[in-house]
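Novice: Sharing a structure below in structure tokens format, with a few things to ask.
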Amino acid sequence: MNIILLGPPGAGKGTQSAMLVEERGMRQLSTGDMLRAAVKAETEVGLRAKAVMERGELVSDEIVSALIDAELAAMGPETGAIFDGYPRTEAQARALDEILASHDRQLDFVIELEVDEDALVDRITGRFTCARCGEGYHDRYKLPRQEGTCDKCGSHEFKRRPDDNEETVRTRMAEYRAKTAPILPLYDARGIVRRVDGMAAIDAVKQGVDAILD
Ligand code: AP5
């Protein structure tokens, strides 16, 4: 199964992807994670993407589509893909159609996480992750069970994303409204869009996603 998780910054795409990976053995293809890894490694792509990401704008369509193509090429055909944060423009949506066809895959569902944008600033500015394993947390909605210790790997180091400040989040949301939301009608026309209330608690959102995929 190949699915897109769609929603503005902080909608819960990464949170839900992580659970699908763990429970269904699917693979999360997050262009945001790939770009952050490239920035950290100071590759040519990373050097080009760094300032764009810090402003909250979109990296070029060619760069992100090439990243997705390379990841899919390295995956076995039996492993399902979760596209998280991709596609984000009409050009990327068209590129994904071609990439999927070239890997003999088809898109099963586009799951839109419906959220109230005002609440998202709070979600994003409270977000932090384990510096070692990447497990995601939130200052109020998902704290580690033991304060200062990662539930998953036991590390005591955590980090926050440089683009998770209010000003950049507002730009990221404006980019979503202007460039990403308009791709939904393309998928609606194919009858593959399903909607889940992303404002519900994390487990309730998960149940909504599971109900679509089961
Ligand atoms: P990217 O990394 O994709 O960021 P994003 O889309 O802004 O999404 P986020 O990761 O911020 O949010 P999320 O929906 O995954 O939320 P999460 O689950 O963490 O992109 C970053 C940048 O890279 C872009 O700005 C752009 O520059 C570039 N880029 C990436 N892809 C690109 C592309 N295709 N084209 C061009 N440029 C690209 O949840 C957020 C917080 O809320 C967490 O703390 C979580 O614990 C909490 N939470 C989650 N669900 C709930 C819930 N139901 N209730 C309460 N809290 C919740």
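Novice: Scan region 81-93 and report the pairs whose first residue is more than 19 Å from GLY10 (Cβ to Cβ) and modelled with pLDDT of 95 or more and whose second residue is of a type in the set (Phe, Trp, Tyr) and assigned to a helix (DSSP H, G or I), with Cβ atoms within less than 8 Å and a gap of 6+ or a chain change.
Specialist: These pairs meet every condition: ALA93/TYR187.
Novice: Sticking with this structure for a sec: Somewhere in region 62-76, is a residue surrounded by fewer than 21 Cβ atoms within 10 Å (Cβ to Cβ), within 8 Å of the ligand (Cβ to nearest atom), at negative phi and part of a helix (DSSP H, G or I)?
Specialist: yes
Here is a yes/no grid of residues against (1) at pLDDT 95 or above; (2) over 17 Å from the mean Cα position of the chain (by Cα); (3) away from the ligand (no atom under 11 Å from the Cβ):
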site: ASP163; (1), (2), (3): no, no, no
site: VAL169; (1), (2), (3): no, no, no
site: ARG177; (1), (2), (3): yes, no, yes
site: GLY198; (1), (2), (3): yes, no, no
site: ALA204; (1), (2), (3): yes, yes, no
site: ALA211; (1), (2), (3): yes, yes, yes
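Novice: Here's a follow-up. Does region 28-54 hold any residues that are among the charged types (D, E, K, R) and either within 8 Å of the ligand (Cβ to nearest atom) or at positive phi (or both), and which are they?
Specialist: ASP33, ARG36, GLU42
Novice: Here's another thing I want to ask about it. Considering only residues that are under 24 Å from ALA66 (Cβ atoms) and more than 10 Å from the ligand (Cβ to nearest atom), which ones fall in region 2-27?
Specialist: ASN2, ILE3, ILE4, VAL21, MET26, ARG27
Novice: I'd like to check something: does region 100-113 contain any residue that is near the ligand (Cβ under 9 Å from one of its atoms) and aliphatic (A, V, I, L, M)?
Specialist: Scanning region 100-113, I find at least one residue that is near the ligand (Cβ under 9 Å from one of its atoms) and aliphatic (A, V, I, L, M), so the answer is yes.
Novice: Name the residue that is surrounded by the fewest Cβ atoms within 10 Å (Cβ to Cβ), counting only residues in region 153-195 that are in a helix (DSSP H, G or I) and among the basic types (Lys, Arg).
Specialist: Across region 153-195, the extreme among qualifying residues is ARG177.
Novice: On to the next question. Is there any pair linking a residue in region 6-21 that is under 16 Å from ARG195 (Cα atoms) and part of a helix (DSSP H, G or I) to one that is charged (D, E, K, R) and more than 6 Å from the ligand (Cβ to nearest atom), with Cβ under 7 Å and at least six apart or on different chains, and which?
Specialist: LYS13/ASP84; GLN16/LYS206; SER17/ASP84
Novice: Report yes if VAL59 is β-branched (Val, Ile, Thr) and outside any helix (DSSP H, G or I), otherwise no.
Specialist: yes
Novice: Pairs only if they're at least six apart or on different chains, beta carbon under 6 angstrom, first in region 188-202 and more than 14 Å from GLY7 (Cβ to Cβ), second surrounded by 15 or more Cβ atoms within 10 Å (Cβ to Cβ) and not small (Gly, Ala, Ser); list them, first residue then second.
Specialist: Qualifying pairs under 6 Å: ILE192/PHE109; ILE192/VAL110.
The values are calculated or read from the model by the stated rules, or taken from the named source; none is laboratory data. Please read these numbers as outputs of a predicted model, since none were measured by experiment. All Cβ positions, even for glycine, are placed from backbone atoms using ideal geometry, and neighbour counts span all protein chains on display.
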